[in-house]
Every structure is written in C-alpha cells, then in structure tokens.
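These notes are about the structure you will find just below.
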Amino acid sequence: MGVVSLLLTKVSDFLTKQGIQSYVVGGFVRDVLLGRDTADVDIAVEADTLEIAPKLATALGGKYVLLDEANRVARVVVVNKEAPSTKGQWKLDFSTVKGSIKQDLEQRDFTIDAMAIDVREIANQPHPPALSPLKKGKIPPKPIMLIDPFNGWSDLHQRMVRAVTETAFESDGARLLRAVRLAAELGFNIDTKTEALIQRNSHLIASVAGERIREELLRLLVIPQAEQLLPYLDNLGLLTAIIPELAQTKGVKQPKEHFWDVFDHSIKTVVAVDFLLGQGAWEYASEEVLAVSPRSALLNHHFDLEVSSGSNRRSILRLAALLHDIAKPKTKAIDANGRMRFLGHAKEGAAIAAGILERLRFTTKEIKLVETMVCHHLRPAQMSHNGLPSRRAIYRYFRDTGEAGIDILFLSLADHLATRGPQLNLDHWRGHAKMTSYVLAQRFEQESLVAPPKLIDGHDIINIFGMSPGPKIGELLEAVREAQASGELTNREEALSYIQKQLLSKAE
C-alpha cells in the first residue's frame, strides 16, 4: 500500500485543488481488502473525466490514453519500478461518477466490486489498519471509510460473487464470463441467484465484442482448473454460447477405443494437458503414468513463453486441446466394413478453429498456432510405427509443424490420455511417452536436426549444374536439408555430390 498511497496522495492533491470529489472504486478496493497486489486503480470523479485525465497525466509525468469517449472513460499510465506489475506500470482508469456515488456503484457488476473509498481517506495511509487482509470466520465490523451500499464487505468474507442488480448482465454481457473468471481467480463461489441470472442471460454473450470475450477467455485459460471450469461454463450455457460449434460435438459417439463422446473427450483433453504440464491432476493416472511423462525446466520455459498480449504457450495449447476434434461431427462416416471414421477431421478442424478464433478477435499468431496444432495433432502418432522415429522423420515433423512442434507433441499425449481414460493401456502409454521424450531430446540437443546449417544455396545449383530457376531448385535444396538432417551429408562437397546423383538418377 505504501507506494500506491504516495501515488494516490498526488492524485488527491491535484483533484482537491481543482475542487473535484473523487473515489477509488471497484477491483482496486476489492484487492486491497483481500491483501492482493494490483497495479490497476479505478478512480471515479465528479467531473468530466476526459477534461481532467489529460491534465492529471501531465502532473504525474504519465501517459494519457482515451478508452471510451462515449462513456467518458480514460486511462493514465504511470511508470514505477515498484508497481506490482511485470511492466512496472500503474494504470489509473478514470470514469465520471454517474449521479451520486451510490447510484454509480449501483451500475457496477458485482457487490465485491461495488465498494468505494474517498481518495482523501486512503491517501497518505501506508498501512491502513481497516484495510488489512480479510480472514475467514466471523465477519468483522465494516471499516468506517468504506462506502458499501450493497454489502460487498460481507460477500468478500463469505467468498461470494453476487450481481448488484438483476439487470447487471443485460447492461453488459461480458459480465457473464467475468463472473466465472472472478470466482475462479479468487477461489470464490457464485451466488445461486446470480447463477440463475447467468443461465437466463447466457445468450447475451454472443453480442459482446470478440476482443472482450478473448480477454476474459484467456484469463480463464491461465487458471488450471479445467476439470471444474469448463463443465461449469457449459452448465451455465456460456461455453456453447461463445463457441456454438462445440454444441455439435455433444453426444457424438466415437469408436470403441474412445471412452467418451467427442464433447467430453475435448474437455478431458484440456484436463490432460493441465496434468502433463504439472498444472492439475488426472484422476486415472498411476504413478507410472506420471513417471514416464516428459518434464523439464526447458519445457516449462517453453510453455511460459508469451504468444501475444494476455496469452502464453500454455493457454494456447489448452485452447487447441478444446478445439482439436471440432470437425468430427462434420466428418463422421461409417465405411464399407462398418468402421466409424473421421477422415480429414484434423485438416477440416484447423479451418473451423481458425474461423472461431478470428470471430473472437484472437491475434494472427495465436490463430496460426492453434490452426497448426489442430491440423497436425495426429502427426506424432504417425512418425513411427515400430521403434523410435528416424532422424529424417523428426526433421520432416518439425519442418511441417514449425513453431508448434513441441506443443503438438503434448497435445498428442493429452489426446491419448483423454481417449482411453480409465482404460489406459500402460504399455501403449509407455511407448508413446518414450517416443515423445526421444523426439524432444533430439529437438533440444541437436538444433541441426531442426534447422541444419546451409551447405549450398540455389545460386550454387544454377551455376554449377547449369539449371534454370524454378521449383526444381527448391525441391533439390529440400532434399539436401533432409539428407543433412538425417546425418547423410555433413559438408558442401557431399551436398554437391548428392545433387549430382539426384540429377543423374532422374535423367536415366
């Protein structure tokens, strides 16, 4: 509280000199009461925000950002190394008080976010005793400085997310997802009446801007509680309201190798991803299942890598796991032998998944990763039918899967667990895990296997062999790279000799 108190003192001094009443509100008050660090401060002012915020930004040496002109919402970003944020920034979001402060709070989403404190009260108090972290048990007296017309203080102690009014979701459909996300992040429950309101209004999520859904969805996907969260979202009617294509997977039966239908299998695949990444449990796992699963600091680092703002490799893999079989209902067929088939479901699913993510305004990089993962999720199982895959097979795999190669290996393992469930064959699992660990070891230990150093280029082929530019040049260069990756070629002379033999064999 010390650093933010100093910041709020400056804000308070500036606004007081202007004769403007102001309040810290919403999530900041909630997080302070819970003892949680936050770099986001919401401030409501009894003035025109868009007139005041630019001046305040100048006074604080910060940056002014217009967020919503129609609703008079603006942001002031202040750089501070001590801010509890990876980017070392305080984000002060300013809004104009609508009516009285009580009327303003009435228009907010949940009671735990509908509390306020006069900025003058909280400023200059490094450790306010009334704002100590909450404890379970008997609800203590409410701090005098707290403006709390809807009993948010009580709901914080009862660990409850409760809508302020029955029209809260009609006012803003994004609150439907936010309720679930808040409860998951804080370890709270959603009030039963609020749950009923969410179910009644779940269809409203379809009218929310894709960018806002993406933001809430990504924040949900970083919470490792897929086994509870995804079915809960489905029970509330939100999962299929956001992704209607998933509704078509419900009840779609699969071959006897599968324990669950397509929808439940998709949910279980996300749960299995969490298990494999050390983020959750797998109820059907013995110690041996976990013991042979690949884990390392290198892999942890890989899955922690940021993909785009708000997403990392881990959350994008979860998303791909949810969507990897999205085309199975469309491609389901029974062949002449009475066998159930889903021919082309991976390629078809990649296109469908890309369409879903485009609709939800995911970034180009996020979409490409998920599209590649879905398209190639069957590839690891096809790399080798007997024993470990060859160097050539590994090279081709990483050539075709690009940046998603490591992620797809884990999607394949999760798919395996979510296919068999409690009927897992340990010998088959050992083989799959051993193959995956071998491919990963080759990937990390021998960079030349994935990206072999260039021995020759197109100009060499044209000048030495008198060929004309065209597709054939690229084919020969790729053949050299494959042979090089497999260990057949190690230098320029061997590469030229290899091309000579290729050209002679074609000429015969």
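The values are calculated or read from the model by the stated rules, or taken from the named source; none is laboratory data. Worth saying up front: this structure is predicted, and the values here are computed from it rather than measured. FYI the Cβ positions are ideal-geometry reconstructions off the backbone, even for glycines, and counts take in every protein chain you see. To get the accessible areas, we keep the full protein, side chains included, count just its heavy atoms, and leave off ligands, DNA and RNA. Shrake-Rupley method; radii C 1.70, N 1.55, O 1.52, S 1.80 Å.
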>> What percentages make up the Cα-Cα pair-distance distribution of segment 151-191 when the bins are 10 Å wide from 0?
In response: 30, 55, 15
>> With every protein chain kept in place and ligands, DNA and RNA left out, what is the accessible area per residue of segment 158-219? Probe 1.4 Å, answer in Å².
In response: 45 Å²
>> Across the chain, what fraction of all alpha-carbon pairs, as a whole percent, falls in each successive 10 Å bin from zero upward?
In response: 4, 16, 22, 20, 16, 12, 7, 3, 1, 0
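Expressed in whole Å with the largest first, what are the equivalent ellipsoid semi-axes of segment 393-484 derived from the C-alpha gyration tensor as the square root of 5 times each eigenvalue?
Equivalent-ellipsoid dimensions as semi-axes: 38, 13, 9 Å.
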> What residues have an amide H closer than 5 Å to that of Val161, excluding those fewer than 5 places away on the same chain, when H is modeled at 1.01 Å from N in the peptide plane?
Replying inline: Asn189, Ile190, Asp191
>> Below 19 Å, Cα to Cα, which aspartates and glutamates can Lys454 reach? Residues fewer than 8 away in the same chain don't count.
In response: Asp400, Glu445, Glu475, Glu478, Glu482, Glu488, Glu493, Glu494
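Just to confirm, what accessible area per residue do you get for segment 334-411 at 1.4 Å probe, in whole Å²?
48 Å²
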> For segment 339-387, rounded, prolate or oblate, judged on the Cα gyration tensor with a ≥ b ≥ c (square roots of eigenvalues), a/c < 1.5 rounded, else prolate if a/b > b/c?
Replying inline: oblate
>> In whole percent, and with a 1.4 Å probe on the protein chains, what portion of the accessible area of the chain is carbon and sulfur?
In response: 50 percent
>> Using a 1.4 Å probe on the protein heavy atoms only, what accessible surface does Leu239 show? Give it in Å² to the nearest 10.
In response: 10 Å²
> Which three lengths, in whole Å and largest first, does segment 439-508 cover when its Cα atoms are put on their principal axes?
Replying inline: 40, 22, 20
> Is segment 151-223 rounded, prolate or oblate when judged by the Cα gyration tensor, a ≥ b ≥ c being the square roots of its eigenvalues, rounded requiring a/c under 1.5 and prolate requiring a/b larger than b/c?
Replying inline: oblate
> Roughly how much of Arg361 is accessible, in Å² to the nearest 10, using a 1.4 Å probe?
Replying inline: 130 Å²
> Could you state the number of Å between the C-alpha centres of segment 394-436 and segment 462-503?
Replying inline: 32 Å
> Given the rule -39500 (n - 2.57) for each run of at least 4 DSSP H residues, summed and divided by the residues of the chain, what is its mean residue ellipticity at 222 nm, to the nearest 500 deg cm²/dmol?
Replying inline: -15500 deg cm²/dmol
>> Shape verdict for segment 234-304, please, from the Cα gyration tensor: rounded (a/c under 1.5), prolate (a/b greater than b/c) or oblate.
In response: oblate
> How large is the Kirkwood hydrodynamic radius of segment 254-364, in angstrom, based on all distinct alpha carbon pairs?
Replying inline: 16.0 Å
>> Given a 1.4 Å probe and heavy atoms of the protein chains only, how would you sort Phe303, Phe465, largest accessible area at the top?
In response: Phe465, Phe303
> Magnitude of the Cβ-charge dipole of segment 393-500, K/R +1 and D/E -1, about the Cα centre, nearest 20 debye?
Replying inline: 280 debye
